[in-house]
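Step one of this worksheet: look at the structure below.
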Amino acid sequence: MYWWATCLYPFMIVKNTELNTVLSGVIIFTMNYEPLSFYLNGEKKEFPQNNIQRLSLLHLLRNNLNLKGTKEGCSEGDCGACTVVVGEYSFIEKKVVYNSVTSCIYPVFKIHNKHIITIEGLDKNGELNPIQNAFIEHHAIQCGFCTPGMIMSMFALLLNNPNPSKDKIEKALSGNLCRCTGYTSIKNACLDVSKGKFKKPEFIKRAEPILKKLAKEKSDTVFSHNIPNSPIKKYILPSTIKSALQYIEKEKPIIINGGTDFMVPVNRGYTPLKTILDLSGIKELNYIEKRDKRIRIGASVTFSRFISFLEKENLLLSLKNGFELIGSAQIRNSGTICGNIANASPIGDSAVILLALNSTLNIEGKGGKRRIALSQFYLDYKKTALKSGEFIESVEFTLPEGYASFIKTSKRKEVDIAGVNSCLILEEEKNTIKSLSIVFGGVAPYPIKLFDVENIFKGKKINSETIRKIAEYCFEKVKPISDVRGSARYRKKLVYNHIIKHFQNLLEKTNE
């Protein structure tokens with residue numbers, strides 16, 4: 001299993017059937033092959049869907065449009081060489097936002113009515129962009145293979161934030177691997193251009209009103225061309241929950257949202273399924289709601305949008321790092337929180353945090369709406385309580401009182417999957433445990449909450465003896481297996497050490 005298995009989208013697999021009825025009031029792309037419509041480097045493009053040969057945006061750019069500046073590396077969203085920028089209107093931020101994405105795992109049909117910017121678009125009127133000049137001046141290029149991806153990641157950051165901090169720059173580059181230049185010169189170039197040297201290009205400004213209009217006028221779209229060399233024969237982009245449910249009932253599709261995990265086996269030819277339904281264009285699912293201390297996150301909210309919300313509202317800052325350690329900036333820009341939940345990975349980072357927060361899922365399906373506690377959602381490895389025809393509409397939780405901590409042990413800090421991850425939420429009163437929530441990932445077929453721990457240790461004084469007993473209890477309670485990321489014995493030791501570290505962090509914070 002790879003790191004990308006944690007950065008996902010709401011999906012399910014059910015039996016396929018052919019569409020027998022055309023829904024009324026829907027734009028249908030069928031045998032007349034209506035084109036894929038998008039903006040590319042400031043210019044409107046209409047590409048015949050019958051000429052699309054593969055499902056990834058990368059293939060369209062390199063093989064169909066001959067834009068070779070976007071490089072092909074891993075085909076898993078891991079190296080960042082294929083990074084491009086996607087501009088689209090955000091209903092959460094009420095403006096056009098720009099996201100770096102790894103085009104190798106970005107479904108090509110997602111670009112419909114969006115603005116795609118590649119490295120070729122930065123060179124206007126024969127002059128290099130300030131970012132490109134900075135890379136030259138600071139000797140931030142050697143072989144050059146990874147350079148276009150680096151520059152596009154920085155370009156996306158500066159479009160949204162013209163004066164980013166060093167920390168923001170490092171996070172933006174976390175998904176771009178370089179094997180020869182060394183990151184010091186690359187970071188120096190990015191720091192240099194962030195000091196007021198960058199201005200939003202005019203072709204970007206001209207496209208923004210159009211993107212806003214297209215987002216608000218959006219209707220259902222169905223691409224039904226048979227794509228050679230791909231198992232995907234139909235791609236549906238509904239614009240409402242109602243139409244999505246109608247398509248789900250008739251088509252029995254795979255349901256995706258970010259699609260970051262789904263595209264990896266598709267690129268390898270491992271997915272023998274024909275119909276995809278993509279929830280990402282549904283405005284009703286793209287929201288974050290805060291009422292008093294209750295937070296509700298819609299199914300289409302990406303990790304990046306949620307992190308921005310937490311920073312803006314100054315909420316859950318002690319747990320924000322857990323969301324920032326998921327994948328890379330490019331993955332967080334596409335992957336959704338509800339997708340990470342639905343993927344049912346044993347080490348899903350956001351699932352571990354949300355379990356500790358006692359979250360509730362809101363489910364949509366042909367049988368109506370229902371609610372289920374996240375703690376009851378996972379049934380077995382990759383098996384959930386979702387029924388046929390259902391998807392997660394949102395997840396909600398109450399902001400915690402007291403102390404919260406997330407720890408992730410992995411081989412590298414960025415772009416990696418956890419060996420063990422954990423979240424602890426503790427409310428204390430006069431140095432006594434009032435409530436305690438502990439969740440671990442990587443030690444069972446799915447993330448687990450140790451429910452008995454609160455009952456056993458509630459009312460206990462917080463001291464070295466109590467901390468040791470909690471660590472011993474968790475050590476004995478978990479039953480991990482051995483795999484390529486660590487032995488069962490190693491994982492049990494990590495569980496013990498995580499508890500000690502959580503409480504060390506608590507004591508350090510208390511003594512500040």
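Structure data summary
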{"quantity": "Long-range HN-HN contacts of Gly335 with modeled amide H, under 5 Å", "calculated": "Phe303"}
{"quantity": "Label-to-label distance, nm, for residues given as Glu120 and Leu507 (7 Å Cα→Cβ offset)", "calculated": "6.1 nm"}
{"quantity": "Heavy-atom surface of the stretch 124-283, accessible at 1.4 Å and reported per residue (Å²)", "calculated": "44 Å²"}
{"quantity": "Kirkwood-based shape ratio for the stretch 321-360, expressed as Rg/Rh from alpha carbons", "calculated": "0.94"}
{"quantity": "Formal net charge of residues neighbouring Phe109 (Cβ-Cβ distance under 11 Å; K, R +1; D, E -1)", "calculated": "+2"}
{"quantity": "Sites Arg179 and His139, calculated FRET efficiency, Cβ-Cβ separation with R0 22 Å, nearest 0.05", "calculated": "0.85"}
{"quantity": "0 to 90° range, to nearest 10: angle between helix 241-251 axis and the chain longest Cα axis", "calculated": "80 degrees"}
{"quantity": "Antiparallel DSSP beta bridges within the chain, as percent of all bridges there, nearest 5", "calculated": "85 percent"}
{"quantity": "Length added when fully stretched, Asn161-Lys250, from 0.36 nm per residue minus Cα-Cα", "calculated": "27.7 nm"}
{"quantity": "Theoretical FRET efficiency, 1/(1+(r/R0)^6), r = Cβ-Cβ of Gln376 and Glu454, R0 22 Å, to 0.05", "calculated": "0.80"}
{"quantity": "Label-point separation, Lys216 to Tyr490 (7 Å along Cα→Cβ), nm", "calculated": "5.5 nm"}
{"quantity": "Shape parameters for the stretch 117-187, alpha-carbon atoms, Rg then Dmax in Å", "calculated": "11.6, 33"}
{"quantity": "Gain upon complete extension [Lys366, Lys411; 0.36 nm per residue less C-alpha separation]", "calculated": "11.9 nm"}
{"quantity": "Solvent-free Debye scattering, log10 I(q)/I(0), computed from the Cα coordinates of the chain at q = 0.10, 0.11 Å⁻¹", "calculated": "-0.79, -0.95"}
{"quantity": "Stretch gain in nm, segment Arg468-Phe91, where the contour uses 0.36 nm per residue and the Cα spacing is subtracted", "calculated": "131.0 nm"}
{"quantity": "Fraction of accessible area attributable to carbon and sulfur, the stretch 66-148 (%, probe 1.4 Å)", "calculated": "47 percent"}
{"quantity": "Directionally averaged shadow of the stretch 346-412, computed from the convex hull of its alpha-carbon atoms, nm²", "calculated": "5.8 nm²"}
{"quantity": "Ordering of 243-256, 64-77 by packing [mean C-beta count within 10 Å, highest first]", "calculated": "243-256, 64-77"}
{"quantity": "Separation in nanometres of the label points that stand 7 Å from Cα toward Cβ, at Ser37 and Leu317", "calculated": "4.5 nm"}
{"quantity": "Packing-based order for 375-385, 150-160, using average beta carbon neighbours within 10 Å, highest first", "calculated": "150-160, 375-385"}
{"quantity": "Order of exposure, largest accessible area first, which applies to Glu217, Glu170 with probe 1.4 Å", "calculated": "Glu217, Glu170"}
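The values are calculated or read from the model by the stated rules, or taken from the named source; none is laboratory data. Quick caveat, the model's predicted, so the values are computed rather than measured. Because the Cβ atoms are built from the backbone with ideal geometry, glycine has one as well, and the counts that use them run over all protein chains shown. Heavy atoms of the whole protein, side chains included, go into the accessibility calculation; ligands, DNA and RNA do not. Shrake-Rupley method; radii C 1.70, N 1.55, O 1.52, S 1.80 Å.
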